[in-house]
Amino acid sequence: MASKDETTKKKMMLEVVNPYEVFFEGRIERIVIPTLDGQYGIMPGHAPLVIAVTPGIATFEVDGEKKSFALSEGFAEVGQHVVVLVCNAAEWPSEIDEERAKSALERATERYNNVKSTEEQRLYARHAIKRAKARIAIASEWKKQKKDHPYS
């Protein structure tokens with residue numbers, strides 16, 4: 001049986017891609033992603049699966065350090081030693097314009113509440129609302145942490 005130290009040192013490959021770039025590629029210890037069924041945690045040795053990803057915040061750990069990013073809808077293909085996350089967009093907290101995200105939230109909420117909107121338009125608006133809320137949350141948390149630790 002492997003010791004606890006050996007088990008915690010296991011890593012898996014994470015690749016996050018969107019239509020424009022490979023957003024992140026590296027070896028990680030674990031990841032938590034937003035899915036249709038809620039937050040889903042994945043560690044090395046996970047059973048293979050494909051899962052739908054919803055707009056939200058993904059958090060992963062590299063060498064004991066937590067990193068988070070906002071992402072839009074997509075899917076994750078999980079293998080025992082690799083996770084490929086394919087999404088329409090992914091952003092680090094430092095890249096997010098919080099005011100722009102707030103404006104996007106207002107526009108999406110208006111589209112969602114518009115009585116003339118079709119079901120398809122409401123679906124797109126619902127995704128835009130989730131994505132804007134995630135972007136606002138992660139950007140404001142990042143700003144708070146930066147303010148608390150200005151030299152980090």
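The values are calculated or read from the model by the stated rules, or taken from the named source; none is laboratory data. Model, not experiment: these values are computed from the prediction. Ideal geometry is used to build each Cβ from the backbone, glycine not excepted, and the neighbour counts take in all protein chains shown.
Miscellaneous remarks
- Failed item, numbered, when ALA52 is tested on (1) surrounded by fewer than 17 Cβ atoms within 10 Å (Cβ to Cβ); (2) among the hydrophobic types (A, V, I, L, M, F, W, C); (3) closer than 20 Å to TYR20 by Cβ: (3)
- The numbered conditions (1) under 29 Å from MET12 (Cβ atoms); (2) in contact with a helix residue (DSSP H, G or I) (Cβ under 7 Å, 6 or more places away or on another chain); (3) of a type in the set (D, E, K, R) are all true for ARG131 except (2).
- Across the stretch 90-144, the number of residues qualifying as of a type in the set (D, E, K, R) and within 17 Å of THR54 (Cα to Cα) comes to 8.
Here is a yes/no grid of residues against (1) over 12 Å from the mean Cα position of the chain (by Cα); (2) small (Gly, Ala, Ser); (3) closer than 19 Å to HIS127 by Cα; (4) not in a loop (DSSP other than H, G, I, E, B):
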{"site": "GLU25", "(1), (2), (3), (4)": "yes, no, no, yes"}
{"site": "ILE33", "(1), (2), (3), (4)": "no, no, yes, yes"}
{"site": "ILE51", "(1), (2), (3), (4)": "yes, no, yes, yes"}
{"site": "GLU61", "(1), (2), (3), (4)": "yes, no, no, yes"}
{"site": "ALA70", "(1), (2), (3), (4)": "no, yes, yes, yes"}
{"site": "PHE75", "(1), (2), (3), (4)": "no, no, yes, yes"}
{"site": "GLN80", "(1), (2), (3), (4)": "yes, no, no, no"}
{"site": "LEU85", "(1), (2), (3), (4)": "no, no, yes, yes"}
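- Pair list, Cβ under 9 Å, 6 or more apart: the stretch 2-19 residue surrounded by fewer than 16 Cβ atoms within 10 Å (Cβ to Cβ), other residue at pLDDT 95 or above and of a type in the set (Phe, Trp, Tyr): GLU15/PHE23; GLU15/PHE24
- Test: residue in the stretch 126-146 that is outside the structural domain of LYS11 (by TED's automatic domain parsing) and among the hydroxyl-bearing types (Ser, Thr, Tyr): yes
- Test: GLU25 is exposed (fewer than 15 other Cβ atoms within 10 Å of the Cβ) and of a type in the set (Asp, Glu): yes
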